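Undergrad: Shown below is the structure under consideration.
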């Protein structure tokens, strides 16, 4: 459910400041939570975004009732959206628009009631990949209330446990002894079948293509993503605070040994590497060295990183000292971090953000492998990092105008570090696209074989 807000700051003052709802900013003034008691998903949706979603313009038409609330109901497939829209029209209801497929791949039809309620019938993407290259911030969002239980996300009870179940149990838990009350019982169910299932991802091979086998590579990708969200949630307590009002509050505070206890019980191994390596290390804070050419040097490990065999599960958070030519303070440690669900101290961008209660979990985990011969980055994807000359530059599968403004080296830094390290060379040109920092779509990028 979403409140459509003509005055978003005033609505946030009511729902966040006065009522104390745990809403988090997702960009463009949109705030939401999937953990509000009594509601699967609650959001404050700026009227300008609702207008973009329905009419393609930030201004709501003067001859239409101004909406107050929005709900969406998910159906089983795209054809069912068109069928439901037709049924509504035959019943005498005027649609804001018939069934259509949005740039991000969702199929949706919407109507507006006389009371100012936007009702959507929708079908989200069966999986989140960048093959369809959804446009992100600044465009219409998919729905947030999924009333139907129909979903291609399948909880993995056949292997004894499910990572989404653990995440939601942690979010809902109140009181102390989180590890004993929530984590230990879940781990008891995860031992055996679930741990063995995860282990199938530990070695570099094309397991993710096995969609119709007992391994179920697609569901394994989704469960690894859900486990990464568990990790992101627990790591908030290790991170520096931010001044932004939507900085998540780390209400869960597991000590490091309990954090490691959870993931080592699943077959993961912490690593200790003292030399900075973007494959293994995420920059948390930069101390700017006097020498602008000074290389990146680790000064402190903030949280541990984890490997599962050859697969990188999570990078270690580190404080570093570096010259401005290698890592710029305020950019390398505060610009949007991609392939990441949440950080306390900086904005993040991943492909789950803005999707519904169920659909957000159909997000693929980024697969990075360290093999004896090479580092293999983002191996489940196949989009050329420098764009393709075989298709039009304006084709949605090619680089966006903003991505083309990055230099080849800057694109590679974004892939390797998951963020920019310095202000881009084309910063002035990029300034003409407000919000460009979070609008990049590097999720499908791969390096050429010659650079692996």
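Undergrad: Nearest-5 percent of antiparallel DSSP beta bridges in region 301-452? Please report the intermediate quantities before stating the final value.
TA: Values: 8 of 12 bridges.
Antiparallel bridges make up about 65 percent of those DSSP assigns within region 301-452.
Undergrad: With both bridge residues required to lie in region 159-349, what share of the DSSP beta bridges run antiparallel, to the nearest 5%?
TA: So the antiparallel bridges amount to about 55 percent of the total.
Undergrad: How many angstrom lie between the Cα centre of region 340-394 and the Cα centre of region 278-295?
TA: 24
Undergrad: Continuing with the same structure: Based on other C-beta atoms within 10 Å, arrange 166, 367 from fewest to most.
TA: Ascending Cβ contact count within 10 Å gives the list 367, 166.
Undergrad: Could you list 259, 123 so that the one with the fewest beta carbons within 10 Å of its beta carbon is first and the one with the most is last?
TA: With the fewest neighbours first, 259, 123 line up as 259, 123.
Undergrad: While we're looking at this one, here's another question. Of the DSSP beta bridges with both residues in region 2-123, give the percent that are antiparallel, rounding to the nearest 5.
TA: About 65 percent, rounded to the nearest 5.
Undergrad: Rounded to the nearest Å, what's the spacing between the alpha carbon centres of region 50-88 and region 169-227? Just the number, please.
TA: After rounding, the separation between the Cα centres reads 36 Å.
Undergrad: Cα gyration tensor of region 381-452, axes a ≥ b ≥ c as square roots of the eigenvalues: rounded (a/c below 1.5), prolate (a/b > b/c) or oblate?
TA: Because a/c hits 1.5 or more and a/b fails to exceed b/c, region 381-452 counts as oblate.
Undergrad: Separate question: Going by average Cβ density within 10 Å per residue, which order do the peptides 88-96, 397-405 take, highest to lowest?
TA: Final packing ranking: 397-405, 88-96.
Undergrad: Which of the three applies to region 332-452, rounded, prolate or oblate, going by the alpha-carbon gyration tensor with a ≥ b ≥ c and a/c under 1.5 meaning rounded?
TA: rounded
Undergrad: Another question about this same structure. Looking at the square roots a ≥ b ≥ c of the eigenvalues of the Cα gyration tensor of region 259-406, which shape do they give, rounded for a/c under 1.5, prolate if a/b is larger than b/c, or oblate?
TA: The shape class here is oblate.
Undergrad: Sticking with this structure for a sec: For the residues 207, 303, 222, what sequence is obtained by ranking on other C-beta atoms within 10 Å, fewest first?
TA: 207, 303, 222
Bear in mind that the values in this text are calculations on the coordinates, not laboratory data. Fair warning: this is a prediction, and the values are worked out from it, not measured in the lab. We place every Cβ from the backbone using ideal geometry, glycine too, and count neighbours over all the protein chains shown.
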